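**Q** Starting off with a structure, shown below.
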Amino acid sequence: MSDFLVRALIGALITGATAPAIGIYLVQRRLSLIGDGLGHVALTGVGLGLLLQRSPVLMAVVVAALGAVVIELVRERGKTSGDVALAMLFYGGISGGVVLVNLSDGQSSRSLVSYLFGSLLTTSSQDLVLMGILGAAVLAVATLGRPWLFAVCHDEEYARVSGLPVRALNLTLAITTAVTVTVAMRAVGLLLVSALMVVPVATAQQVTRGFATTMLAAVGLGLLAAGTGVWVSVEADTGPGATVVLLAIGGFFVVTVGAAATRALRRRRAAPARVEPGAPEPEVVLD
Amino acid sequence: MTPVVDVEHAVVSYGGRAVLEDVSLAVAPSEVVAILGANGSGKSTLVRSALGLIPLTRGDVRLFGEPLRKFRGWRRIGYVPRRVGAGGGVPATVGEVVASGRLARRGLLRPARSADRRAVDDALTAVGLADRVREPVSTLSGGQQQRVLIARALAGAPELLVLDEPTAGVDAASQEAFAGALRRFVERGGTVLFVAHELGPLRPLITRAVVVHHGSIIHNGRVPEPAGHHAEPDHDHVHPHGPVEQAGFWGAP
């Protein structure tokens, strides 16, 4: 395997593990699309980085984190105008990114596309080191902080009456989400990152019973989709980010249909036992 | 003795409309106080503002003698919110939800100790759901889900339980299990403040009833006796309709 392929695989695997680990909290809170919104905001950071000739990834982390804090503060106030405020932030973010990129030199409009849809195959070693460090931080927050983040996402009022630092936990979650989005942008791109935060979680919870097992299964599915996605994209010469996401969604359908079929089978098997006493015996038993 | 909950001249208003008007209520240690009232009377607002979940427009709240703003002893309070559907978008086991009740006693980022796990088991045993610890909450009945929330509050070994409509839409078996858990909590000296629409099997535990009507307390004393068709033997539905309909009783001090 060539060097760039190994780098692509490592980058995809980092994303495959981190995105669902933090995305599960967003799904829990029914904020599945927030990752997508933060991707839009991060684009302004990318534009700023290209314009100032600083690391676009680092600038994206900073801008997306700021955006996440603003979104969290809007959400906390619970006003109906929050929805509109979020829309402003998202569309402002993507427009700001495009304009800033336009202002920088001509080369970079091509690199803008690579941030939107990911460009695993041009990932450098420095990119990978940064992704690895940020990814490890995200995984640490998502796993070590699980009981507290779970409590605050499951029932925020209860968490408040328990005396938990609700605002600090919410901001931690918001900033970690922003970091995850920017970590994942080299792999699957800003427009697709939300998919890896949500789809493996949605797939896992078809068959799991608890939160911890859902998280573990979702991370496993994320890794699986990332690994096979990179392999398929090389074989079929397709964009790695989009391939990974399509595989994850394909997995979701397979598991959903499989789980529904298993449930139906079990129900059919269990049915004869549930015949009410005194009810007439069925004349024909289909088995 | 310092009241456990002390609400003084509380006013809560939304957009200029008063939901609570100058309400004062003190709950002493070991009391079991039921807050009764029709839907929209402000009874839930009263307990939620006492816990700081709804900001007061005017007035003061003290918990265990501390002003709400300075209060840090949240581990002394177990809160049971009104049941919120089947929870979030991700499955969670009964054990995971009840374990949240230990977090007030567990330092931030500290791993769970055997005492935490034992408290979860004990709380589930108290509400009769010990065998369901690994099941997803969403597969339980409404009444069982309500018992899970009560177990979560009990797991933190609180001194005060605050419950918002714990018996609303709960099947008879769950009501009995809940009444049993509450009786044991009270026998150990616990204080209870709860909002209810109907009392059911909780009636014998109650030491004082407070009736809220249109944002004001109109009765504060013994449990109102059912009147009219509510007095029929199999009817335990306490549903105060306010002073106009039952002036003789509700007007009493």
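**Q** Show the residue pairs that are 6+ apart or on different chains and have beta-carbon atoms under 9 Å apart, the first residue being within segment A:155-169 and more than 16 Å from B:Arg102 (Cβ to Cβ) and in contact (Cβ under 8 Å) with a residue 60 or more places away in the chain, the second being in a helix (DSSP H, G or I) and among the acidic types (Asp, Glu).
**A** Going by the 9 Å Cβ cut-off, the qualifying pairs are A:Arg167/A:Glu72; A:Arg167/A:Glu76.
**Q** Shifting gears a bit: Filter segment A:170-224 down to the residues that are crowded, with 24+ Cβ neighbours inside 10 Å and of a type in the set (Lys, Arg) and list them by number.
**A** A:Arg186, the sole residue that qualifies.
Listed here are the residues, each with its yes/no results for (1) of a type outside the set (S, T, N, Q); (2) under 25 Å from B:Asp22 (Cβ atoms).
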residue	(1), (2)
B:Gln175	no, no
B:Phe185	yes, no
B:Gly189	yes, no
B:Val195	yes, yes
B:Leu205	yes, no
B:Arg208	yes, yes
B:His214	yes, yes
B:Ile217	yes, yes
B:Arg222	yes, yes
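**Q** Give the residue, chosen from A:Ala42, A:Ala64, that is buried (at least 24 other Cβ atoms within 10 Å of the Cβ) and farther than 30 Å from A:Thr213 by Cα.
**A** The conditions single out A:Ala42.
**Q** So which residues in segment B:127-156 are touching a residue at least 24 places away in the same chain (Cβ under 8 Å), assigned to a helix (DSSP H, G or I) and more than 19 Å from the chain's Cα centre (by Cα), if there are any at all?
**A** If the condition is that a residue be touching a residue at least 24 places away in the same chain (Cβ under 8 Å), assigned to a helix (DSSP H, G or I) and more than 19 Å from the chain's Cα centre (by Cα), then B:Arg132, B:Val137, B:Ser138 are the ones that fit.
**Q** Would you mind telling me which numbered condition in (1) basic (Lys, Arg); (2) in a loop (DSSP other than H, G, I, E, B); (3) surrounded by fewer than 19 Cβ atoms within 10 Å (Cβ to Cβ) B:Arg118 fails?
**A** (2)
**Q** Further question on the same structure: Filter segment A:115-141 down to the residues that are among the small types (Gly, Ala, Ser) and buried (at least 21 other Cβ atoms within 10 Å of the Cβ), then identify the one that is nearest to the other protein chains (Cβ to nearest Cβ).
**A** Residue satisfying both the conditions and the ranking: A:Gly135.
**Q** Just need a number here: residues in segment B:58-81 that are closer than 16 Å to B:Ala26 by Cα and at the interface with chain A (Cβ under 10 Å from one of its Cβ atoms).
**A** Number of matching residues: 1.
**Q** Here's something else I'd like to know. Which numbered condition in (1) in a helix (DSSP H, G or I); (2) out of contact with any Lys or Arg (no Cβ under 8 Å at 6 or more places or on another chain); (3) more than 9 Å from chain A (Cβ to nearest Cβ) is the only one that B:Pro55 fails?
**A** Only one criterion is unmet by B:Pro55, namely (1).
**Q** With the requirement that a residue be of a type outside the set (A, V, I, L, M, F, W, C) and touching a residue at least 12 places away in the same chain (Cβ under 8 Å), what does segment B:1-21 give you?
**A** Once the filter is applied, which keeps residues that are of a type outside the set (A, V, I, L, M, F, W, C) and touching a residue at least 12 places away in the same chain (Cβ under 8 Å), segment B:1-21 yields B:Thr2, B:Pro3, B:Asp6, B:Glu8, B:His9, B:Ser13, B:Glu21.
**Q** Right, something else. Every residue in segment A:241-260 that is of a type in the set (Gly, Ala, Ser) and either within 14 Å of A:Leu221 (Cα to Cα) or surrounded by 19 or more Cβ atoms within 10 Å (Cβ to Cβ) (or both), please.
**A** A:Gly241, A:Ala248, A:Gly250, A:Gly251
**Q** For a quick check of your reading: which helices (runs of 4 or more DSSP H) sit entirely within segment A:142-234 and have at least 1 residues that are within 14 Å of chain B (Cβ to nearest Cβ) and among the basic types (Lys, Arg)?
**A** Output list reads A:146-154, A:156-161, A:166-185.
**Q** Determine which member of the set A:Leu86, A:Leu73, A:Leu26 is more than 25 Å from A:Leu121 (Cα to Cα), surrounded by 15 or more Cβ atoms within 10 Å (Cβ to Cβ) and without any contact (Cβ under 8 Å) to a residue 12 or more places away in the chain.
**A** A:Leu73
**Q** Right, here's the next one. Tell me which residues, restricted to segment B:174-200, are assigned to a loop (DSSP other than H, G, I, E, B) and aliphatic (A, V, I, L, M).
**A** Within segment B:174-200, B:Leu199 is the sole residue that qualifies.
**Q** I'm checking my understanding of the structure. Among residues of segment B:82-122 that are acidic (Asp, Glu) and within 11 Å of another protein chain (Cβ to nearest Cβ), which one is farthest from A:Asp155 (Cα to Cα)?
**A** Looking at residues that are acidic (Asp, Glu) and within 11 Å of another protein chain (Cβ to nearest Cβ), I get B:Asp116.
**Q** If you go through segment B:158-173 one residue at a time, do you hit one that is at pLDDT below 95, farther than 30 Å from B:Ala18 by Cβ and outside any loop (DSSP other than H, G, I, E, B)?
**A** Taking every residue of segment B:158-173 in turn, at least one turns out to be at pLDDT below 95, farther than 30 Å from B:Ala18 by Cβ and outside any loop (DSSP other than H, G, I, E, B).
**Q** Can you run down the residue pairs with Cβ atoms below 8 Å, 6 or more apart or on separate chains, where the first is in segment B:22-37 and without any contact (Cβ under 8 Å) to a residue 60 or more places away in the chain and the partner is surrounded by 22 or more Cβ atoms within 10 Å (Cβ to Cβ)?
**A** Pairs that qualify, where the first residue is without any contact (Cβ under 8 Å) to a residue 60 or more places away in the chain and the partner is surrounded by 22 or more Cβ atoms within 10 Å (Cβ to Cβ), are B:Ala26/B:Val5; B:Ala26/B:Val7.
**Q** Looking only at segment A:21-43, count every residue that is away from chain B (no Cβ under 11 Å) and assigned to a helix (DSSP H, G or I) and tell me the total.
**A** 12
**Q** Let me ask something else about it. Is it the case, given these coordinates, that B:Leu124 is touching a residue at least 24 places away in the same chain (Cβ under 8 Å) and touching a Gly at 6+ places or on another chain (Cβ under 8 Å)?
**A** When the stated conditions are applied, B:Leu124 passes them.
The values are calculated or read from the model by the stated rules, or taken from the named source; none is laboratory data. Only a predicted model underlies this, so the values are computations on that prediction, with no experimental measurement involved. Counting neighbours? That spans all protein chains shown, and the Cβs are built from the backbone with ideal geometry, glycine included.
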